[in-house]
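Colleague: Here you go, one structure.
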Protein chains: 2
Amino acid sequence: MAPNTLKTNGDRLWARLMEMARIGATPAGGCNRQALTDEDRLGRALFESWCRALNCTLETDQMGNIFARRAGTEPGLPPVLIGSHLDTQPTGGKFDGVFGVLAGLEVIESLVEQNIPTTHSIEVVAWTNEEGARFSPAMIGSGVFAGAFDLEYGLSRRSRDGVTLASELQRIGYAGSRVCQAYPIKAAFEVHIEQGPILEAADMPIGIVTGVQGMRWYDLELLGEAVHAGPTPMNTRRDPVRALHTIISEVYKFADQFGPWARVTFGDARFEPGARNTVPEKVVVTLDLRHPEESTLAEMEKRLQQIVSTSAAQANVTGKVHQEWQSPAISFNAHCIAAIEASAQSLDLNAMHLVSGAGHDSVYVSRIAPTAMIFVPCKGGISHNESESAEPADLTAGCDVLLNAVVQMAVRVA
Amino acid sequence: MAPNTLKTNGDRLWARLMEMARIGATPAGGCNRQALTDEDRLGRALFESWCRALNCTLETDQMGNIFARRAGTEPGLPPVLIGSHLDTQPTGGKFDGVFGVLAGLEVIESLVEQNIPTTHSIEVVAWTNEEGARFSPAMIGSGVFAGAFDLEYGLSRRSRDGVTLASELQRIGYAGSRVCQAYPIKAAFEVHIEQGPILEAADMPIGIVTGVQGMRWYDLELLGEAVHAGPTPMNTRRDPVRALHTIISEVYKFADQFGPWARVTFGDARFEPGARNTVPEKVVVTLDLRHPEESTLAEMEKRLQQIVSTSAAQANVTGKVHQEWQSPAISFNAHCIAAIEASAQSLDLNAMHLVSGAGHDSVYVSRIAPTAMIFVPCKGGISHNESESAEPADLTAGCDVLLNAVVQMAVRVA
């Protein structure tokens, strides 16, 4: 360990994580603290109480994003931002998101405790509705902040139970007055559980996230003819399932060809009319394609189009590829990545480069600020699940790496 | 045409079909006359009024099956039975079922009109709830009659809207007093539209149905692990869809190997949790296997078990084959088949042998009486559809074949 390497207080971080996990705790050991519910209000209030105890300045913006600030010695300089989210999936875990927020708080407390001033201010932000479970789309708080969505769009999102994001912000008392808009930021960091199995399998405590995979969502629609399962000979059918299995098979094949970072997922399917003894008239299957490089993703899409068209023609059905959504591949900032690398090295922690397969608030933040992420292992790579689990030692290591990376960016060396 | 070949009145048959089709007529030209609805009551009453005009004896049994009888010269002998059903699918057509009942009526009227007595009585039966659309299972009226189900089971069936078959029989006034139970029957015939494309493609007016395919219904269940579509590498997934496409592909292959009468249909599928960006934990797909020979069907099932087990193992998921229902393959009676053959020949009508791919009331009736069926072409092989269509000339031909086959069985030649 380098002589001036700083450490956080892992026990305190863990205790706060466990205290936060009591809000919305589920019988199976997870958390249900969805965005802008009463539980979210309690979680926000708890977070704010901890920030106040550290004499942080608290501000809430129009999207309900909460900013806690410890002023730097030159408060006019752009701050270093640390952020993630406090909301969870309906059957979520104790770590996804909340770890990134409370690690930010722990960074500030460690600096306060160790009497270490920073030149740049440090801001910890809890973004609203990252999960997208209650209000779609996901990452709406950071998205409006970064200009990916306008404010009106963000506030008008409706939950499944029919209330708007604006009215729920009002209801729980977090419709803030600060304008939800980006400002100059020196660097932005987010520490998060990996939500995948790579670090655990490689026995690596730290993942240095160099970017986020591009994602494209499709509905593949196959149209044939509904006929009776009994009297209709096989060779006169226009059966969409004939095209479906070829498409799935070919898409898995091309996933292998595009290397270990290509991801293809058929998450849902619908057969219509969906009767046991009727050849389906229509089959719709969803496809999620991911790759860290946009050019490869474009090539995958081209191949997909060819596969659907060939397979549909062979089965004498009509095939259509509808793109439902996309998020371009993101490369994080080289300086921020270097700061994380140096930080891990100074702490003698093994680290590897990773590309995030999941979306995070940092995807939008990276549009307006130099950004990078730190991953720590989670048990079995499992997340969005009540059994989500992470080791205290790994969380502490991630928080230590965060602290030293932040200090590198926030302290001007004389 | 043989000198003593009898003919029916095709115009009258057609007019009755069109009059019946007005009851429950749908805007798209089909019929919605589901079992034991107000429309079914009207259809039954119309049928009975026509029977009364021919001085038929009418009786309704405990399952609401209606029997119209024209007495033979030796009324103690077992009758010849002609039957089908008046109920339709929710978006059904004008011919499925009702053609078989009104053709029976037309046979009686032709005999009355032409002053032709028969030795054996002739009974026309309209079976209750053949379609199974409102009450499950299908063919429940003929099924109870033939002893496949007991009466209590039949009467206790519940519709989707929660009422029992017994209460609906009471409500529409067709809870009859005649015991629903088989009695000696000389021969049973049913004429029906083919509901498949074979006769039309072969340009054949008459299909001589030698049996009904055996059917086996399965749920194939594939259990893997729900993981995030992004962070999870392809090679660590336990993805049920990997097994699914192999299973579908292999099952279609074996369908071809088992020859033109083998039928395989994947009618419905369900992915759980069914989220676009999550590898499904569970996939369930339904499979309908049919073949005219039980031994082949058993072999198909064995192959299916192997395929599911191999494909699941390859994909590192768990595969289960649940048999949900089966109906054994039926061979119709050789004498009845011969009577239909002779009848078609005497009428100079081209005819071919067929196996029915769909279930019919005759499947159950064949358990307790010598039985066979006559098929006539329907447009495009389409049925269970408002666009169901058949040519008057084909319906007349089918009715003529029925008449002469019935007479062969019902008249004892001195």
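Bear in mind these aren't lab numbers, they're just calculated from the coordinates by the rules spelled out. These numbers come from a predicted model, not from an experiment. We place every Cβ from the backbone using ideal geometry, glycine too, and count neighbours over all the protein chains shown.
Colleague: For the protein assembly as shown, take the alpha-carbon Rg, divide it by the Kirkwood Rh, and send me Rg/Rh.
Modeller: Details: Rg = 35.7 Å, Rh = 30.9 Å.
Taking Rg over the Kirkwood Rh, I get 1.16.
Colleague: Just how far, in whole angstrom, is the range B:127-189 from the range A:217-266 if you go by their alpha carbon centroids?
Modeller: 41 Å
Colleague: Hey, in chain B, which Cys have no second cysteine's beta-carbon closer than 4.7 Å?
Modeller: B:C31, B:C180, B:C336, B:C378, B:C399
Colleague: Another question about this same structure. Place the label 7 angstrom along Cα→C-beta at B:G76 and in each other copy, then list the distances from the first to the rest in nm, shortest first.
Modeller: Ordered by distance, the counterparts are at 12.3 nm.
Colleague: Rounded to the nearest 500, what is the 222 nm mean residue ellipticity of the protein assembly as shown from helices alone, with -39500 (n - 2.57) per DSSP H run of 4+ residues and division by all residues?
Modeller: Details: 24 runs with 289 residues, N = 828.
Estimated from H runs of four or more residues: -11000 deg cm²/dmol.
Colleague: Test of understanding: in a Gaussian network model of chain B with alpha carbons linked when under 10 Å, which of B:M204, B:M63, B:M139 would top the mean-square fluctuation ranking?
Modeller: Judging by the Gaussian network model, the answer is B:M204.
Colleague: Mind pulling the per residue volume of the convex hull built on the Cα atoms of the range A:105-215? Å³ is fine.
Modeller: Working: hull volume 19.6 nm³, N = 111.
Here the figure is 177 Å³ per residue.
Colleague: So, in Å, what gap is there between the alpha-carbon centers of the range A:24-86 and the range B:346-414?
Modeller: 76 Å
Colleague: What's the angle, to the nearest 10 degrees (0 to 90), between helix A:38-53's Cα axis and the longest principal axis of chain A?
Modeller: Helix A:38-53 sits at roughly 30 degrees to that axis.
Colleague: What is chain B's relative contact order, in percent, from Cα pairs under 8 angstrom and six or more apart in sequence?
Modeller: Working: 956 pairs, mean separation 99.9, N = 414.
Once divided by the residue count of chain B, the mean separation gives 24 percent.
Colleague: Three principal axis extents, largest first, for the C-alpha atoms of chain B, in Å?
Modeller: Extents along the principal axes: 82, 45, 39 Å.
Colleague: A further question follows. Between B:N4 and A:S249, what is the FRET efficiency for a Förster distance of 45 Å, r being their Cβ-Cβ separation, to the nearest 0.05? The partial results should precede the final answer.
Modeller: Values: r = 62 Å, r/R0 = 1.38.
That gives a FRET efficiency of 0.15.
Colleague: Pull up the cross-link candidates among the aspartates and glutamates for A:K320, meaning alpha carbon to alpha carbon under 18 Å and not fewer than 8 places away within one chain.
Modeller: Within the straight-line limit of under 18 Å, A:K320 reaches these aspartates and glutamates: A:D219, A:E221, A:E225, A:D239, A:E250, A:D268, A:E272, A:E281, A:D288, A:E299, A:E301.
Colleague: Follow-up. What share of all Cα pairs of the range A:143-288, in percent, falls into each consecutive 5 Å distance bin?
Modeller: It works out to 2, 7, 10, 10, 10, 11, 12, 12, 10, 7, 5, 2, 1, 0, 0, in whole percents.
Colleague: Which of rounded, prolate or oblate describes the range B:214-327 when judged by the alpha-carbon gyration tensor and an a/c cut-off of 1.5? Walk me through the numbers before you get to the answer.
Modeller: Working: a/c = 2.71, a/b = 2.20, b/c = 1.23.
Note, shape of the range B:214-327 comes out prolate.
Colleague: How large is Rg/Rh for the range A:1-160, to two decimals, with Cα atoms and a Kirkwood Rh? Mind showing how you got there, number by number?
Modeller: Working: Rg = 16.2 Å, Rh = 16.3 Å.
Ratio value, two decimals: 0.99.
Colleague: As I understand it, the value is the acute angle between the Cα axis of helix A:240-257 and the longest principal axis of the Cα atoms of chain A; what does it come to in degrees, rounded to 10?
Modeller: On a 0 to 90 degree scale, this one is about 40.
Colleague: Another question about this same structure. Angle between the Cα long axis of helix B:334-346 and the longest principal axis of chain B, 0 to 90 degrees, nearest 10?
Modeller: 60 degrees
Colleague: Oh, and also: Compute the label-point distances linking A:L46 to its equivalents in the other copies; points lie 7 Å from Cα along Cα→Cβ; give nm, one decimal, shortest first.
Modeller: 6.9
Colleague: Another one. Tally Lys/Arg at +1 and Asp/Glu at -1 over every other residue whose Cβ is under 12 Å from the Cβ of B:C378; what's the total?
Modeller: Values: positive: B:K94, B:K379; negative: B:D96, B:E194, B:E200, B:E388, B:E391, B:D394.
Residues close to B:C378 contribute a combined charge of -4.
Colleague: What is the spin-label model distance, in nm, from B:A15 to B:L46 if the labels are put 7 Å beyond Cα along the C-beta direction?
Modeller: Rounded to a tenth, the inter-label distance reads 1.4 nm.
Colleague: Sorted from shortest, what are the nm distances separating the label point of B:P328 from equivalent points in the other copies, each placed 7 Å from Cα along Cα to C-beta?
Modeller: Reported distances to equivalent positions: 6.8 nm.
Colleague: Which loop trypsin sites (Lys or Arg not before Pro) in the range B:120-215, with loop taken from DSSP, have no more than 15 other Cβ atoms within 10 angstrom of their Cβ?
Modeller: Details: sites: B:R134, B:R157, B:R158, B:R160, B:R171, B:R178, B:K186; in loops: B:R134, B:R157, B:R160, B:K186.
Answer by residue number: B:R160.
Colleague: Continuing with the same structure: Taking the Cα centre of the range A:214-327 as origin, work out the dipole magnitude from +1 charges on Lys and Arg Cβ and -1 charges on Asp and Glu Cβ, in debye rounded to 20.
Modeller: Values: 13 positive and 15 negative charges, 63 e Å.
That gives a dipole near 300 debye.
Colleague: With the contact rule set at Cα under 8 Å and sequence spacing of 6 or more, what percent relative contact order holds for the range B:327-414?
Modeller: On the way: 61 pairs, mean separation 33.5, N = 88.
Relative contact order, the range B:327-414: 38 percent.
Colleague: Among DSSP beta bridges whose residues both lie in the protein assembly as shown, state the antiparallel percentage, nearest 5.
Modeller: Working: 90 of 134 bridges.
Here the share of antiparallel DSSP bridges comes out near 65 percent.
Colleague: Name all residues of the range B:47-65 having a backbone nitrogen under 16 Å from the label point set 7 Å from the Cα of B:V112 along its Cα→Cβ direction, giving them as ranges.
Modeller: B:47-59, by backbone N distance to the label point.
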